[in-house]
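Please treat every number below as a calculation from the coordinates, not as lab data. Remember, it's a predicted structure, so these values are computed and weren't measured experimentally. Note that we place each Cβ from the backbone using ideal geometry, even for glycine, and neighbour counts take in every protein chain shown.
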Amino acid sequence: MEIKGKIHEITPTAQVTESLKKREMILEYIENPQYPEYLKFEAIQDRCAILDNVKVGDDVEVFFNLRGRPWTDKTGKKSYFNSMALWKINVLSGGSAAAAPEYAAPANLSAAPGEDDDLPF
């Protein structure tokens, strides 16, 4: 799945357990300008590094997987949790966007002075 919005917040990487690290990003999603939505995405393990290349205020396109799981508490009450697992970000505009590449001037393909052009077309 993907969605476009503006980065509102990025948390530092947190070492949740000895083998699990996690980082979160809050995206401001404006479907209705009067009521913006703030969506929390999580980056797990090596995906935490993709948030190093973006900053608050960047307009981005976010690619993610929607995940959900049940949880039963000590009293037997069942709850459900959803998460949006981040796997790719494209910067659309902002300070982190890569500058457009500069290309060399076009090569002059005409014949050198004094040489005949023998091409049949």
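Quick notes on this structure:
- Among the residues making up the stretch 48-95, those that are assigned to a loop (DSSP other than H, G, I, E, B) and not polar (S, T, N, Q) are Val54, Lys55, Val56, Gly57, Asp58, Asp73, Lys74, Gly76, Lys77, Gly94, Gly95.
- Here Ile30, Ile50, Ile26 are screened, and the one residue that is among the hydrophobic types (A, V, I, L, M, F, W, C), in contact with a Gly (Cβ under 8 Å, 6 or more places away or on another chain), under 19 Å from His8 (Cβ atoms) and without any contact (Cβ under 8 Å) to a residue 40 or more places away in the chain is Ile30.
- Taking (1) part of a strand (DSSP E or B); (2) β-branched (Val, Ile, Thr); (3) surrounded by fewer than 11 Cβ atoms within 10 Å (Cβ to Cβ) in turn, Ile26 satisfies each apart from (3).
- Considering residues of the stretch 19-66 that are charged (D, E, K, R) and out of contact with any Ser or Thr (no Cβ under 9 Å at 6 or more places or on another chain) only, the residue nearest to Ile3 (Cα to Cα): Glu61
- Phe41 being in contact (Cβ under 8 Å) with a residue 60 or more places away in the chain, surrounded by 10 or more Cβ atoms within 10 Å (Cβ to Cβ) and under 21 Å from the mean Cα position of the chain (by Cα): no
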